Structure formats: structure tokens, C-alpha cells
Amino acid sequence: MKNIIGVAILSIALGCGGAKLNESDGQAKGANDSSVMVQDAAMAQGSVEVSSVRSNFSTEKRVGEVISYLASDELQGRETGSQGIELAADYIETIFKSNGVGPYFKSYRDTLTNFEKPAYNLVGYIEGTDQQLKNEFIIIGAHYDHIGNADPVADDNIANGANDNASGTTTVLEIASYFGNNKNNKRSIIFALFSAEEKGLLGSKHLAKRLKDQNLDLYAMLNFEMVGVPLVGKDYFMYVTGYEESNLADVFNTYAEEKLVGFLPTAKEFNLFKRSDNYPFHLEFGVPSQTFCTFDFTNFDHYHKVGDEVDLLDFEHMALLVNKTIPVLEDIINAPMREIEYK
């Protein structure tokens, strides 16, 4: 997320924050009592019967292979406009192609017009199977860039960006691989890996405007950021930014039949809703656009440092996150009505 540690430190210095986090168990409710609608839809689709099959898609091995390359020294911290991020783009294209995910535009590469060096978002696409619902789109995204170098430690100055945000990129690629191989999505899906997030959300700003200019019928934008380590001491698996703005958590939890998504007060305090690639889509489209995260300022101490290495991440947690999320996404994408809404 863009500059979140700096904001945290400033907030604490001004007395606006505190060391103790008080969690809330509340769940958002839509104006149309979406929890009831979602439960009915889940029963109608038989989601319970097939969830065990879907939940075994991702593995520690799969996750480890992808993130280990994206966060390797070879990619030199994936700074936007660098040779390292070019290698990451090539790799992402290969995964899209080999798993049946086509390009949304003429190629996978969406060239940024708001950055001085050549830079690209990677944009994959799976058309929906329903003749009407396929005209509605869900974007699943993450940024794949990082900062390149950071203050050296023991002669290491490469900021590998494993948690930030090779973890989110790996999550999106796993989800894309599932849908690309199954082609069971009634609505159309765009998989967007953004460049230049660390330069000011430039990649997502560019793509959001481009898609808005094309009059894309966007239902929701779901973003993944810093999901490489589990939360500690929480009664939910991950949190969502802008929790109180929509009924997204309620929809997710009803389909999941567990408290998969919760409310992190610190995310609201530091206004993380505006600090990741969901926000430009919120501004352009005015539809639910939110970020899922498992970094809570206490469980990972290497933000924008050379210590953000892949060996600190939890591959089992990441695979579990993918496997818990896929069935819920599938139910949302295939539901006859739009269930996620801003309040």
C-alpha cells in the first residue's frame, strides 16, 4: 500500500493512534438485507456441495514457485520502468497464457501514459458464459511493482517486495489460473496486475480511466495487497479496506459460512481505502472497489525494507487464502443479481 508506514508513524506521533488495537465484530448489512439474499443464492447454486473440490486448488508448492520468482534478486525489486519489472511482466504473461487467460486488449500489456519510462499493467480476461451476465465485469487486481532498492543491510540493498506485493500478485495469478482452467464464470472477469502503484497508484489510475472511457459495465473491483503472512489474534482471516462503506464483508462471510473477512480499526484510522489500487476504480466508477489484506502493522516489520524477503512468508497461509476465496468469488460472479453494494 502506498506510504502506509509513514502515515502510521505520523498518526502515532500526533497522538491519533495507539499500540492497542480494538477489533470490531460487526458486519455490514446492505439495504436489501443482502445476507438473506446471498444465503438463498448459495443454496440454489449448491455451493456447499462443490466447495470442498474448489478449496483444494492452490497448494504451498504452487504459491511458493510463483512468489519465489517474483521476489527473487534477479528481478531487482521490480521498480517501475526497470529491467526487473520487465522480467516480472514476461512471467505474468506466461502464466496467463498457459492457464487459458486471454488478453483484454490486443495484448496483455496496457502501456501507462502517465509515467515517463515504458511501463505496463498486465491485463488478462475471461469472458463470461452467460449471454446477459457476461456484459457485467468484475476486476480482480494487485500491483506487481515495488521500490527497487532500499537502505542496505549486510550489503543487501534489494527491496524484493515479497509481501508488498508479490503476495497479492501471486494470489491474483492463482485465482486467474483457477478460472482460466475451469471457464465457469457467468460474468466476465478482468485480472489486472498494476505497475507504478509505488509511484502514486499510476497504473490503476491509468487503467480505471481507460476502462471508464470505454463505458465498461463494472460491478466491483476486488484488490489484494500484502497477504503473505497471517493475522494474529483476530477472529477473522483477512480484512477489507472501506469495510463500513459497503456490504462486501457480509456477502463474503455469508457465502464462506465463516468470518472470512473482518474489520481492522487501524485500516480505517490510516484510511487505507484510499491507499491502494482499488481507489481509482472507486473514483471513476463509483462501484464497490476494495482491498483485501492480512498486514495489520504488527505482524510484519519489513515494509519497504530489504528484509521483505520470500523466506518470511507463509505459503500455507497464502494457499489457504486462495482456497477460501475462490468459492466465494465463484458464487458472487455467478449470482443472478448484483449483491455487493455501497451503503
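Observations, loosely collected:
- On inspection, residue 69 qualifies as in contact with a helix residue (DSSP H, G or I) (Cβ under 7 Å, 6 or more places away or on another chain) and free of Cβ contacts under 8 Å to residues at least 24 places away in the same chain.
Let's see how each residue does on (1) without any contact (Cβ under 8 Å) to a residue 60 or more places away in the chain; (2) more than 19 Å from residue 166 (Cβ to Cβ); (3) touching a helix residue (DSSP H, G or I) at 6+ places or on another chain (Cβ under 8 Å):
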site: 250; (1), (2), (3): no, yes, yes
site: 270; (1), (2), (3): no, yes, yes
site: 273; (1), (2), (3): yes, yes, yes
site: 283; (1), (2), (3): no, yes, yes
site: 290; (1), (2), (3): no, yes, yes
site: 293; (1), (2), (3): no, no, yes
site: 332; (1), (2), (3): no, yes, yes
site: 336; (1), (2), (3): no, yes, yes
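Quick grid of which residues meet (1) open to solvent by 50 Å² or more (accessible area, probe 1.4 Å); (2) touching a strand residue (DSSP E or B) at 6+ places or on another chain (Cβ under 8 Å):
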{"residue": "269", "(1), (2)": "yes, no"}
{"residue": "277", "(1), (2)": "no, yes"}
{"residue": "290", "(1), (2)": "no, yes"}
{"residue": "311", "(1), (2)": "yes, no"}
{"residue": "332", "(1), (2)": "no, yes"}
{"residue": "336", "(1), (2)": "yes, no"}
{"residue": "343", "(1), (2)": "yes, yes"}
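- All conditions in (1) part of a helix (DSSP H, G or I); (2) farther than 18 Å from residue 233 by Cα; (3) among the hydrophobic types (A, V, I, L, M, F, W, C) hold for residue 306, with the sole exception of (1).
- Failed criterion for residue 301 (all others in (1) at positive phi; (2) surrounded by fewer than 22 Cβ atoms within 10 Å (Cβ to Cβ) hold): (1)
- Every pair of residues 6+ apart whose Cβ atoms lie under 8 Å, when the first sits in region 159-173 and is at positive phi while the second is small (Gly, Ala, Ser) and surrounded by fewer than 24 Cβ atoms within 10 Å (Cβ to Cβ): 161/77
- Subset tally (residues that are open to solvent by less than 10 Å² (accessible area, probe 1.4 Å) and free of Cβ contacts under 8 Å to residues at least 24 places away in the same chain) for region 174-202: 0
- Considering residues of region 238-260 that are of a type outside the set (S, T, N, Q) and touching a Leu at 6+ places or on another chain (Cβ under 7 Å) only, the residue surrounded by the most Cβ atoms within 10 Å (Cβ to Cβ): 240
- Across region 316-330, the number of residues qualifying as touching a Gly at 6+ places or on another chain (Cβ under 8 Å) and surrounded by fewer than 22 Cβ atoms within 10 Å (Cβ to Cβ) comes to 1.
- Number of the exception - residue 283 against (1) assigned to a helix (DSSP H, G or I); (2) open to solvent by less than 20 Å² (accessible area, probe 1.4 Å): (2)
- Qualifying residues in region 65-81 (those that are among the small types (Gly, Ala, Ser) and open to solvent by less than 40 Å² (accessible area, probe 1.4 Å)) - the one nearest to residue 206 (Cα to Cα): 81
- Number of the condition not met by residue 94 [criteria: (1) outside any loop (DSSP other than H, G, I, E, B); (2) touching a residue at least 12 places away in the same chain (Cβ under 8 Å)]: (2)
- Scoring residue 107 on the criteria (1) open to solvent by less than 70 Å² (accessible area, probe 1.4 Å); (2) part of a helix (DSSP H, G or I) leaves a single failure, condition (2).
The values are calculated or read from the model by the stated rules, or taken from the named source; none is laboratory data. Quantities reported herein were computed from a predicted structural model and do not represent experimental measurements. We place every Cβ from the backbone using ideal geometry, glycine too, and count neighbours over all the protein chains shown. When the accessible area is computed, the model is the full protein with side chains, heavy atoms only, and any ligands, DNA or RNA have been set aside. Shrake-Rupley method; radii C 1.70, N 1.55, O 1.52, S 1.80 Å.
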